[in-house]
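The values are calculated or read from the model by the stated rules, or taken from the named source; none is laboratory data. Keep in mind that this is a model prediction, so the values were computed, not measured. Here the Cβ is made from the backbone with ideal geometry for all residues, glycine too, and neighbour counts use every protein chain on show.
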Amino acid sequence: MTPRAKLPPPTKSLQQLRVVIVGHVDHGKSTLIGRLLYDTDSLPDGKLQELETICQRRGTAALEWSFILDAFQAERDQAVTIDTSQIWFSTATRDYVIIDAPGHREFLKNMISGAAAADAAILVVDATEGVREQTKRHAYLLSLLGLRQVGVVINKMDMVSHNPERFEEVAREVVGYLKSINLAPKTIIPISARHGDMIAERGAHLSWYRGKTLIELLDSFDVANPPVARPLRFPVQDVYRFDERRIIVGRVETGILRKGDKLLFSPGFETATVETLEVWPPREEKVEAHAGEVVGITLDERIFVERGHIASHEKNPPMLSNVFRANIFWLSNKSLKVGNSYKIRYGTHEAIVSVQSIERVIDTNDLAQHDKPAEVARNAVAEVTLRARELLPIDPYIDNFRMGRVVIYDGYDIAGGGTINMEGYPDQRAVSQPKSENIYKVEHLMSANARAQSKGHKGGVFWFTGLSGAGKSTTAMAVEKALFEKGFHTYVLDGDNIRHGLNGDLGFSPEDRAENIRRVGEVAALMADAGLIVITAFISPYQADRDRARSAGSQKFHEIYVRADLATCESRDVKGLYKKARAGEINDFTGIHSPYEAPTNPELVVDTQYNNISTCVDQVLRYIEDQVSLKNEKKKVIGL
């Protein structure tokens, strides 16, 4: 076979598009790319002759285009692609980078890394086999990674005698699955990669097909504009000292960074102004950097900045949270389990997280969901909740696809990856950032001991948490009455009552819920300082908010988990709230739309699902009396 005539030179300014080729093993991806390079006259000098020699040595009658991509002799021997390959070629419209992603399930990690870097995807399906396991798995991962420019080629049409009915049958199967995962193919093309039909030219065997060739499809894909319109994100790669200057280096992932901008560095709250933009070779006229540019900056103040910090403008900074959901694909041989700890990375930020819960595992074959599974096995797709030890600067994938992808490491190995989802969780920045200035604490003249001696008991905060309908208010009011009758000074802060007054300005968004609990925690702590036994009855779904309330109450704080499962609480539904939530009349309802994070180590668990109200009240009474009794305090003093 002789080299083809060269294509006409480009007539337009070239734009580079990155396309990933995916599909089930042996469905012809490597053959397709090899033929594509030949048909566009993009083979390196001597590669065609090398290919002919290889095929003669192996005794193959026809050219095996897939050999072009085989980087190692071992791959030829195994007849399976084991790594992603990046291939450059051009059409009259623009430059391309083709990413060949292996279809074999053992090399799924490579497919994911290739797809994560792509602007568009071509899904290859064998006309003789139709949709197979890895076809579905790869398509699902394309959806999970947010790729929406997807084309489909039905390959090996020569193996089914170029039958249009078989093409339509496989095309319907492909469309049906893609629709179920919210993907819509831009077009579906019948091809014969081995013989070049519908690659760059239409060929003589598929005259019944009137649509685009593969080259025409590729040229129709849109090149994504750099995300300059999104809020600024400048992850710090490193900090250098050069000529007595401190230069902070990184890549602008989204937005525009300008000289004179005031930057906020997260997860802290340090701010400083950009004095200069540094590039090599030096350019004094450089005053702004756009998304995709690598640049150094100097600041007007020597604030603490290190690798992993994320610079933004003060308006529209990343969220801060120590907990988030992740839609992940799991690649490790060791299953992911609740309680396991892993290292995560997104941008340049790294953190240690533990698995708080596994919400569900999705079977990519039939899309069946398995709720609350015990573990996530290799090559499974799942939704999990991860908790960090500290606040992390986070952008949900839906808001920022550049920063919303996360990689999970087990030791030094990549164990999984996916996208960040903050649905149902608040931005903790609002309740973490101090706003008051020039405030000085005033000390009381009465000690806590004097107040306790006057009232006959110590103060305390007894924080009831649990799902709506678990029995928090019912138990709390009964406990308050019993304590009062025994002579204790006590008061209940109930969620509904508080929202009639102090927190009447708050709604039920995750951020408003966090502020609701912050205010109540501070008020309850003040009341406990005054010597009162304060009982709070709040769903308080987020562990971070309860931890903040504990911090306000210090040693006086006691977390009491009023436990009943969702089915039990929904069956009670005294206020009819679950029914309204199910009907869509209430949004952000805990347990239905928003998460509830059960306490991991509460001081007391009261199980209202299996015990009656009298038993629960007695249990709480015994605990509270033991905690506030002055007799116990005297025993501690004399060493009993």
Problem set entry | Verdict on Arg378 being within 24 Å of Pro235 (Cβ to Cβ) and in contact with a strand residue (DSSP E or B) (Cβ under 8 Å, 6 or more places away or on another chain) | no
Exercise. Just for helices (runs of 4 or more DSSP H) wholly inside region 400-493: which have at least 2 residues that are touching a residue at least 40 places away in the same chain (Cβ under 8 Å) and crowded, with 22+ Cβ neighbours inside 10 Å?
Worked result: 472-485
Exercise. Which condition number in (1) within 19 Å of the chain's Cα centre (by Cα); (2) under 25 Å from Asp395 (Cβ atoms) is the one that Arg307 fails?
Worked result: (1)
Problem set entry | Flag for Asn516 being over 24 Å from Glu423 (Cβ atoms) and modelled with pLDDT under 95 | no
For this session: State which residue is nearest to Met422 (Cα to Cα) when the search covers only region 561-587 and only residues that are buried (at least 17 other Cβ atoms within 10 Å of the Cβ) and touching a helix residue (DSSP H, G or I) at 6+ places or on another chain (Cβ under 7 Å).
Result: Tyr578
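For (1) over 30 Å from Pro541 (Cβ atoms); (2) surrounded by fewer than 21 Cβ atoms within 10 Å (Cβ to Cβ); (3) in the same structural domain as Thr385 (by TED's automatic domain parsing); (4) not aromatic (Phe, Trp, Tyr), each residue gets a yes or a no:
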{"residue": "Gly268", "(1), (2), (3), (4)": "no, yes, no, yes"}
{"residue": "Val274", "(1), (2), (3), (4)": "yes, no, no, yes"}
{"residue": "Val279", "(1), (2), (3), (4)": "yes, yes, no, yes"}
{"residue": "Glu284", "(1), (2), (3), (4)": "yes, yes, no, yes"}
{"residue": "Ala289", "(1), (2), (3), (4)": "yes, no, no, yes"}
{"residue": "Gly292", "(1), (2), (3), (4)": "yes, yes, no, yes"}
{"residue": "Phe304", "(1), (2), (3), (4)": "yes, yes, no, no"}
{"residue": "Leu320", "(1), (2), (3), (4)": "no, no, no, yes"}
For this session: Check region 498-514 and report whether any residue there is polar (S, T, N, Q), in the same structural domain as Cys616 (by TED's automatic domain parsing) and not in a loop (DSSP other than H, G, I, E, B).
Result: no
For this session: Would you mind listing the strands (runs of 3 or more DSSP E) fully within region 248-335 where at least 3 residues are touching a residue at least 40 places away in the same chain (Cβ under 8 Å)?
Result: 262-266, 294-299, 310-313, 319-330
For this session: Look through Arg194, Arg148, Arg210 and report the one residue that is surrounded by fewer than 20 Cβ atoms within 10 Å (Cβ to Cβ), basic (Lys, Arg) and more than 34 Å from the chain's Cα centre (by Cα).
Result: Arg210
